[in-house]
Every structure is written in structure tokens, then in C-alpha cells.
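S.K.: Dropping the structure in here first, questions after.
The values are calculated or read from the model by the stated rules, or taken from the named source; none is laboratory data. Being a predicted model, the structure only gives us computed values, none of them experimental. Positions of Cβ are backbone-derived with ideal geometry, glycine not excepted, and every protein chain shown enters the neighbour counts. The accessibility values were calculated without ligands, DNA or RNA, using every heavy atom of the protein model including side chains. Shrake-Rupley method; radii C 1.70, N 1.55, O 1.52, S 1.80 Å.
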Amino acid sequence: MATKLAAVLRRQLPNPFGGGLSDPYPSPPMIPRRLLWSMKKEPALEASLSRNRRWIVNNQIKNFLLRSPGHTATVRSLQKKLKSFDLQGRAINWLRKYPCCFDVLYAPDGGGEEEIFFTFSKRMAFLVEEEEAAMAASEPAMAQRLAKLLMLCRDRRLNVVKLNELKRGFGFPDDYLLRLVPKLPETFRVVNRTGRRNSMEIELVRWDPDLATSAVEAAAIERGTEPRFVCSLPDTWIKTRKKFDEFNEATPYVSPYSADNTETDKRAVAVIHEILSLSLWKKASIFKLEHFKKELGLPEKLNLLLLRHPCIFYVSNRYNIYTVVLREAYKGSELIEKDPLVVVKQKLGELMQEGLHEYNQRRHLANLEKKRKKGEISIRTKTEEDDENEEEALRLDSVEKREERKRFYKVLFDENP
């Protein structure tokens, strides 16, 4: 009976990393199987994975405006695009939530009726120009990232449809094939051996030995030591660090750019480490990485490989999206080194958040005014007693936060024997 129940549960629980249902997790009991899919939660790194849905939508609206003549479009045309942005409701209401980002304009449409247009606010337009300038200045770096990515592949080429899944993480613009490839014919070319649209590939024409140095090797050269992986966990994680040292010292480091394509854990870890190092945010969707197993020579069960090396990688299931983060690239929840494109994109995100905060404040004050007029609330001035109460509340809040931090670090750094 237990075996039959386990078989039924196994059919009903899909593997979130792809790879089908014939995975090597033990069937009875089923509970440990779930535990293999994630690591102990670390708030700092979890915060680095925060995905602001509003920012994503506003970024789509920004790109929509950039494609419009004069960076101006009708609200009516945006309304038709909302479904493709996975949004419902009225477009005008969304735009009014972000006054820092978008200006709404009213003008006659020529037929005696009023048409509503929208465009970038002055501050948003400035940041859009800054982003485009950073993009243009980053073209040499983009070309290097693309070349290194192709150098990691066994056949030195990648399917364009597949590559498009990672282009955002590597900072490639939507038109990277038109922007980068024609300028560097001695490095890249686009080929299509079957004639089918989804078979288009980008191929590396020339191997550049100057680029065949991984991030691990570059760091070793700077330190003056032999290349080896770095453990980014505290010293108190004794057993984990011991396993990491055994892995690190058992065999020499294998460069992901070497001609040796032997499928070993050492090389697979080196490849994933290098891909994350090349990405802007030093993280990637595991589901998307699994699409490149053949090209990169990665193991069938990539999730198990990553979970075996917690000193190097952090695996999270935030928002039900399995993501791997390169630990050494972060200090707390912040990237240690930020690409210029990351800096300007963060500025855009901050402006969008500021606009939403401004909208919420106005809405809050308007609601208070309505309630005051209805006599539901009375407005009173702040007294010295109010100030003292606020200071006491802040003091107590700080004490509680300190105690909470102590409890958190005790759990985080006291590894179970």
C-alpha cells in the first residue's frame, strides 16, 4: 500500500527543475524529497531576489513608449496592450499611480472629442536617456560577455531563441543581434542550417585567448595563488566547510574554457560559476539554465549539483521560481560590484517607487479629508506628549529589532551537528 501511495504522489508532484518525473529522489518517504529542492532561508539573499511586479510592468510601458513616435502614445493604444502585460483594469488609472514617471496629456483628436496621451515625465526621460547612454557605453562589455558565453559552449554556438531567455540577465538589449553582430563580423555570425525560423543560431567565428580566463582564475591571478573556489559561508558552518575543502582540494580547478570537456562536478561548478559571474545580477533561473545542459555539458540533475555546493551557490524558491545566486557576489542583499546598467536600472526602480509613494500619500490625504468632512474623524495638532510617545515607540521598536537580529543570527550561524 505504501509503495502504491508513493507512486501516486510521485505522479502528482512535478519536478520543478524540469527533467521529467523519473528523478532519483527516494519514493518512500516523500517528505525528504521536498527538502532537497531548497536551502535554509537567508533573509539577506532572499531580499536580493525580490521581484517587483510593478517595476516589470512599468519597464514594459517604458519600452512601449520608446517604440512610439516622439515617445508619446495614446492611452487607448496602451489599453490594448495591457493584456500582454498581464494586467487588467484601466490604463489611465495605472499611469496616474506613477506621476514621477509619466505625464498624462489631453488634446483634441480632430473629431471634436478629447484624446488622452501620455509620455515620459522630465525625470523619467532623463533616466531613459541615461540608460541608453549606459547601454551604448556597455556595448564592448556586452560583446565580450556574448563571446565568453559562446566560448563556454561545446560547439561555440547557441540557438537564438534559447539565448533570448537569458538576454535580460546578461544586459543584452532586445536588438542585440542588430546592435552587436554586424559590428563584429570577425567575432560573430548568425547561421541557419535548416531554414526554420526557430533554428537560427549565433556562432563564434574566432576564439579569443585573452577572454578565456574565468572569474575564478582572474581572482587567483590578482591574489597570486592557484585558482580555487571561495566559500562564502561563516566559519561556524564547520561540516559544510569541511566538505567544501574536500571538494576544492580533491582535484585541481578545471577552467570552463579549457578543451577538456569531461563531465565532472568540478567543471560543471566552474561553468555555472562563470555564467553567474558574467550575468549582471549574479543570479539566474535554474529552469532556464537547464535549457543549456547539452550546450554547456551540465549534469542531468542540475538542482542536485547546486544543492551540493552551498558554500558557492544559494538556491531559493522565492515566488515559486527556482533561482541560483552566486554567494560571493553579494554582501547582505546588495551586489558588491554593480555594472553601470544595474546602477541606472536601480535608479529607474527608485523613481517608480517614489511615484507610487507620492500617489498613495495623495490618496491617503484625500480619504482623510473626506472622512473629516463627514465628521468621522477630527484633525488635531501634534503635542509634546505625541512627540514623546513617538520617541518611546521608536526606542522600543529598535530594541525589538536588535533582539530579532540576535535570534536570526543564532539560527543562521549555529550549524546543527
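S.K.: Out of the range 136-163, which residues are open to solvent by 30 Å² or more (accessible area, probe 1.4 Å) and farther than 26 Å from L66 by Cβ?
M.R.: Passing the criteria: R154, D155, R156, R157, N159.
S.K.: Starting from residues that are in contact with a Pro (Cβ under 8 Å, 6 or more places away or on another chain) and among the β-branched types (V, I, T), keep the ones in the range 183-216 and report whichever is nearest to E139 (Cα to Cα).
M.R.: V205
S.K.: Here's something else I'd like to know. Which residues, counting only those in the range 67-85, are open to solvent by 50 Å² or more (accessible area, probe 1.4 Å) and under 27 Å from H364 (Cα atoms)?
M.R.: Q79, the sole residue that qualifies.
S.K.: State yes or no: is N192 in contact with a Ser or Thr (Cβ under 8 Å, 6 or more places away or on another chain), polar (S, T, N, Q) and farther than 27 Å from F313 by Cα? Working first, answer last.
M.R.: Details: in contact with a Ser or Thr (Cβ under 8 Å, 6 or more places away or on another chain): yes; polar (S, T, N, Q): yes; farther than 27 Å from F313 by Cα: yes.
Criteria met by N192.
S.K.: So, in the range 221-268, exactly how many residues are surrounded by 13 or more Cβ atoms within 10 Å (Cβ to Cβ) and among the aliphatic types (A, V, I, L, M)?
M.R.: Residues that pass the stated criteria total 4.
S.K.: F117 - would you say it is part of a helix (DSSP H, G or I) and more than 21 Å from the chain's Cα centre (by Cα)? Full working, then the answer.
M.R.: Values: part of a helix (DSSP H, G or I): no; more than 21 Å from the chain's Cα centre (by Cα): yes.
Criteria not met by F117.
S.K.: Tell me which residues, restricted to the range 192-209, are of a type outside the set (S, T, N, Q) and surrounded by 12 or more Cβ atoms within 10 Å (Cβ to Cβ).
M.R.: Matches in the range 192-209: M200, E201, I202, E203, L204, V205, W207, D208.
S.K.: Which one of the conditions (1) in a loop (DSSP other than H, G, I, E, B); (2) at pLDDT below 75; (3) not charged (D, E, K, R) does A7 fail to meet, given that it meets all the rest?
M.R.: Going through the list (1) in a loop (DSSP other than H, G, I, E, B); (2) at pLDDT below 75; (3) not charged (D, E, K, R), A7 breaks only (1).
S.K.: Name every residue in the range 298-348 that is among the small types (G, A, S) and under 21 Å from R228 (Cβ atoms), in order of residue number. Spell out how you get there, then give the answer.
M.R.: Pass one, the range 298-348, residues among the small types (G, A, S): 316, 329, 332-333.
Scanning the range 298-348 gives a single hit, A329.
For every residue, the table says whether it meets (1) modelled with pLDDT under 90; (2) farther than 26 Å from E249 by Cα; (3) assigned to a loop (DSSP other than H, G, I, E, B).
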site	(1), (2), (3)
D210	no, yes, no
E217	no, no, no
I221	no, no, no
E226	no, no, yes
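S.K.: Additional query: Going by the structure shown, is L127 touching a strand residue (DSSP E or B) at 6+ places or on another chain (Cβ under 8 Å), among the aliphatic types (A, V, I, L, M) and surrounded by 13 or more Cβ atoms within 10 Å (Cβ to Cβ)?
M.R.: In short, no.
S.K.: Would you check which residues across the range 259-269 are part of a loop (DSSP other than H, G, I, E, B) and touching a residue at least 40 places away in the same chain (Cβ under 8 Å) and list them? Explain how you work it out, then say what you get.
M.R.: To start, the set of residues in the range 259-269 that are part of a loop (DSSP other than H, G, I, E, B) comprises 259-264.
Across the range 259-269, the qualifying residue is only N261.
S.K.: Consider L166 carefully, then state whether it is open to solvent by less than 40 Å² (accessible area, probe 1.4 Å), touching a Pro at 6+ places or on another chain (Cβ under 6 Å) and within 22 Å of K294 (Cα to Cα). Write out each step before concluding.
M.R.: Numbers: open to solvent by less than 40 Å² (accessible area, probe 1.4 Å): yes; touching a Pro at 6+ places or on another chain (Cβ under 6 Å): no; within 22 Å of K294 (Cα to Cα): yes.
Considered against the rule, which asks whether it is open to solvent by less than 40 Å² (accessible area, probe 1.4 Å), touching a Pro at 6+ places or on another chain (Cβ under 6 Å) and within 22 Å of K294 (Cα to Cα), L166 comes out as no.
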